[in-house]
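Reading through the C-alpha cells given below for one structure.
Bear in mind that the values in this text are calculations on the coordinates, not laboratory data. Only a predicted model underlies this, so the values are computations on that prediction, with no experimental measurement involved. Methodologically, a virtual Cβ is constructed for each residue, glycine included, from the backbone with ideal geometry; neighbour enumeration extends over all protein chains shown.
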Amino acid sequence: MTVAQSRSGPPRRRGRPVATYDEPAGAARPVVLDAAGRHLVRRFSGGLTPALAKQVKRVGGARAWFEQQLRPGRVADAPGADVDSWFPRLRMTPKQVFQADRDGRIGAWEVATDLSRWTVARRIASNRQVQEVMVDFWSNLLNVALFHDEAMYWRTDYDRVIRAHALTSFEQLLQAAITHPAMGLYLDNAGSSKDSPNENLGRELLELHTVGVDGGYTEEHVKASARMLTGYRVDVWHPEFRAFYDKSWHDTQPVRILGFHHANDAADGRAATTALLSYLARHPATAERIARRLCVKFVSDQPSPAIVAAVAQAYRDNGTAIKPTLRALVDHPDFAAGAGQKVRTPTEDYVATVRALGIRLQAPRSDGSFANAMYWQYSEAGQPPYEWATPDGYPEDDRSWSSAGRLLTGFAIHRDLAARWWPTEEARFPKQASLLPTMPATLGKVVDHVGLRVLGQTPPAATRDGIAELLGKSLATRLTKDEALEYWTLRGILSSLLDSPVHLHR
C-alpha cells in the first residue's frame, strides 16, 4: 500500500481489524500537568502522553523530570531497548556494510533507511526523551547527510558518536564529530592532503559548526583550518573501507586561526587538531552561536538578547558542558514566556501524533510493518531524519515549517493514523472504547476527555466549537457509547485535535 493510496481515501484494508490493547487501570483519570510543566515537557520530548505525565508527577514535577532526564543512563528504558533489537543491520560495521553493498547482498541505502526508522521509533518509544531531542539538535548542527554516497557506510557509527556526547560537552562532541570518518567523507576531508588540501570541512568548521559567519574568521583562517585537518583519511577502495590517520598527508606549517596559534610542527597533527577544536568550542563567538541556536530551537524564533547572553554565559562558565547550559535555558524567565511559540517540525509532528494516539509499535516482520512503512509516511511530510543534503542541517525556525503544503500533508497523515487506515501491521492501538469517558456523556465532555489524552489538556474553546461544527452537533448533545464510536465521530474528534494549534505547536 502506498501513501498516495492512503491519501486518496480509505485504503482497501480499511475493514481489516487492527490489533488493540486494554488501557491500564486508572487510565480514565489522566494526570494533568500545570501549564508550566506541560510547556517544559513538550519542548524536551517527542510529545506529552498520559504515561509521560504520570512519570513526571511520580518524580516530583516537570523540573525534577528534566533533571533526571539529563542523566539518561539512570532512566530505565525497556521500550527503547526493545526498539534497539528491531534493526539488526545497524549492528554491522562500516566494513561489513561496504562489503555487503559491493557484493550486492545489502544496499548501504537499506542500512541508512533502517537508521532513519530506528531513530523515529526511538523518539516515539524511548523513556529517555531529552536525550532523543538533543541527539536531533546536535545531528542538525553537525549535519552529515544520511544518503551521501561515501559517508553512508559510516553514518550509523556517526550516530553512535552523537548519542554518546549529546549531553556531555560541546568540546567533546565537536572533537569526536569533526574527526569522524563520516564527517570527513561528507565534507571531503578524507581525501585532503598537504599537497592538495580541500577547504570544505575547514570552512564549515568555522562557518557552521563553531564561530559562524560573524565570528571574524578570514579566508586565510579557512585555509589554515583545512591544513590542520589533513591526515584524517578513509580508504574508500580498500576492502575494509579503513579509516586511519596518515602522518605523511598532514601539513606541518604553523597555524593561525583567529586567536589560536600553533607551531603544528609534528608529523602527527592530531594533538594540534584537538587543541584547535578545543579553542573553537570555547570561543566566545561559538558560545553566542550555540546559545542562540538553542534558544531558537527551544524558546522562540526571536530570542531576547537577555536569554541568549545567559545561556552563552552558562556555556562559557561550565567549559561548554551541555547540562548546565540547558539548565540556564529552562530556568530563564523567557523560556516560560515562550510557551506556544514554536511550531512542530514535520517529523516532530509525526512522532507526537503516534505518541498521542497511543500506538505501540512492534518488531517489524515485513515491509508493511508499521516500523518499516512509517518511513514513507514521515518522509512525505518533508523532514525525514538526517536527509538534509547540505551541511547547514534542517532549519530550526517556524517559518520554514509553516507552509500550506506542509499543513495539508500533516492533516492527511493525522487522518490516516487516527482512522487506523495505514500503517497498522505490527502495531497495537488502544481499544477505541477506552478513549471515552463514562458514557452516556455530552459531546463536549467526550471532546474534553479525548483532548486530555491527545493534547494533555482540555482543548481550547475554538477547537471544541470546530469539532461540534464538523460533526453537525451541539456540544450539549448527549451521546451513547455506540454513537460516540460511530465511524466518523471518534475519528473526527481525534483528527481535529491533531490538526489543532495546540498539537501543531510544542
Charges on Cβ only, +1 for Lys and Arg, -1 for Asp and Glu, centred on the Cα centroid of the chain; of A309, A121, L48, which one is farthest towards the dipole's positive end?
L48
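So how much slack lies between L407 and K431, counting 0.36 nm per residue of separation and subtracting their Cα-Cα distance, in nm?
That works out to 5.8 nm of additional length.
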Normalising by the residue count of the chain, find the relative contact order in percent from Cα pairs under 8 Å and 6+ residues apart.
18
Taking 28 Å as the cut-off for C-alpha to C-alpha distance, list the pairs among K95/K247; K57/K445; K297/K473; K54/K445 that go past it.
K297/K473
Please label the shape of the stretch 351-501 as rounded, prolate or oblate, based on the square roots a ≥ b ≥ c of the eigenvalues of the alpha-carbon gyration tensor (a/c under 1.5 means rounded; beyond that, a/b larger than b/c means prolate, else oblate).
oblate
Gap in Å between the Cα centre of the stretch 102-167 and the Cα centre of the stretch 27-57?
27
Full-extension gain in nm, H238 to T458, via 0.36 nm per residue minus C-alpha separation:
73.2 nm
Where the only charges are on Cβ atoms (+1 Lys, Arg; -1 Asp, Glu), what is the dipole of the chain about its Cα centre, to the nearest 20 debye?
1900
Got a sec? Charge dipole of the chain, +1 on Cβ for Lys and Arg, -1 for Asp and Glu; which of A176, V343, Q432 is way out at the positive end?
Q432
State whether the stretch 145-253 is rounded, prolate or oblate according to the following rule on the C-alpha gyration tensor (a ≥ b ≥ c being the square roots of its eigenvalues): a/c under 1.5 gives rounded; otherwise a/b larger than b/c gives prolate, and the remaining case gives oblate.
oblate
Neighbourhood charge, 14 Å Cβ-Cβ cut-off, centred on V213 and excluding it, Lys, Arg +1 and Asp, Glu -1:
-2
Under the 7 Å Cα-to-Cβ spin-label approximation, K95 and Q313 lie apart by a distance in nanometres of 5.2
For the chain, what is the mean residue ellipticity at 222 nm derived from helices alone (per DSSP H run of n ≥ 4: -39500 (n - 2.57); sum divided by total residues; nearest 500 deg cm²/dmol)?
-15000 deg cm²/dmol
Spatially proximal lysines relative to K431 (Cα-Cα < 16 Å; intrachain offsets below 8 disregarded):
K481
In nanometres, what is the gap between the two model label sites at A164 and D188, each 7 Å from Cα along Cα-to-Cβ?
2.9
